[in-house]
Amino acid sequence: MLTLKIGKSSLHIRFSFLFIVSLFLLLEQLSIGRKLLAAVLLHEIGHLLVLILQGKAPEQVDCSLRGIVIHSGERHNSLAGELLLHLAGPLMNLLCMALLWERDMFACAFHLILAAVNLLPIQPLDGGNITELLLEQILPPERVHTACRRVSFCALIVLFVCALPLLLHGKNPSLLLFALLLAAQNRK
């Protein structure tokens with residue numbers, strides 16, 4: 001693992017992340033690697049911009065097989081501020097999609113898919129974090145974690161139900177692989 005210190009923030013780049021970046025570069029043979037990588041980076045830049053506008057710096061940015069995860073430390077924002085922080089990535093993707101609409105439909109598709117996937121109510125995605133914030137407003141603290149896990153589980157079941165017919169009909173297995181990856185992360 002490579003660790004860099006930038007001010008009070010630390011950047012951790014794990015070797016698994018370098019593997020993923022090399023896969024993106026392999027996809028560049030099909031002219032899609034750069035577009036996919038740009039969509040992911042712009043998503044995270046959306047989160048970073050809102051964090052900085054709120055007067056905070058990330059404590060840690062972790063780049064691994066799971067993707068890029070920004071750790072902002074303890075919550076000190078209002079509910080609206082926290083919601084905006086988690087919505088910033090998907091909103092950045094939707095903004096990019098709108099700007100690219102007539103120029104590059106392939107890039108638009110990446111931005112739309114990334115925004116939609118990140119809004120799924122599954123931990124650790126942005127939608128899962130938003131679900132947790134909203135459940136904290138209506139449930140006692142001791143029930144929030146269990147409720148979040150149940151919502152994530154139900155959303156994962158829906159993903160598996162959608163992915164299985166695609167796989168059985170010889171279509172793209174990527175939705176099933178994505179659901180499996182999310183299920184593995186959700187067990188933690």
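Things worth noting here:
- Check on Cys96, at pLDDT 90 or above and more than 25 Å from Glu136 (Cβ to Cβ): yes
- Filter result (under 12 Å from the mean Cα position of the chain (by Cα) and either open to solvent by less than 60 Å² (accessible area, probe 1.4 Å) or touching a residue at least 60 places away in the same chain (Cβ under 8 Å) (or both)) within the range 41-55: Leu42, His43, Glu44, Gly46, His47
- Some residue of the range 96-110 being in contact (Cβ under 8 Å) with a residue 60 or more places away in the chain, under 14 Å from the mean Cα position of the chain (by Cα) and buried (at least 20 other Cβ atoms within 10 Å of the Cβ): yes
- Odd one out for Lys188 among (1) open to solvent by 70 Å² or more (accessible area, probe 1.4 Å); (2) modelled with pLDDT under 90; (3) not in a loop (DSSP other than H, G, I, E, B): (3)
- Residue match in the range 25-35 (condition: open to solvent by less than 40 Å² (accessible area, probe 1.4 Å) and at pLDDT 80 or above): no
- The lone criterion from (1) in contact with an Asp or Glu (Cβ under 8 Å, 6 or more places away or on another chain); (2) surrounded by 17 or more Cβ atoms within 10 Å (Cβ to Cβ); (3) of a type in the set (Ser, Thr, Tyr) left unmet by Ser64 is number (1).
- Considering residues of the range 135-148 that are surrounded by 14 or more Cβ atoms within 10 Å (Cβ to Cβ) and of a type outside the set (Asp, Glu) only, the residue nearest to Asn118 (Cα to Cα): Cys148
- So Val117, is it over 22 Å from Ala179 (Cβ atoms) and open to solvent by less than 50 Å² (accessible area, probe 1.4 Å): no
The values are calculated or read from the model by the stated rules, or taken from the named source; none is laboratory data. Computed from a prediction, not measured in an experiment: that's the story for all the values here. Using ideal geometry, Cβ is built from the backbone for each residue, glycine included, and neighbour counts are taken over all protein chains shown. These accessible areas exclude ligands, DNA and RNA; they are computed on the full protein's heavy atoms, side chains included. Shrake-Rupley method; radii C 1.70, N 1.55, O 1.52, S 1.80 Å.
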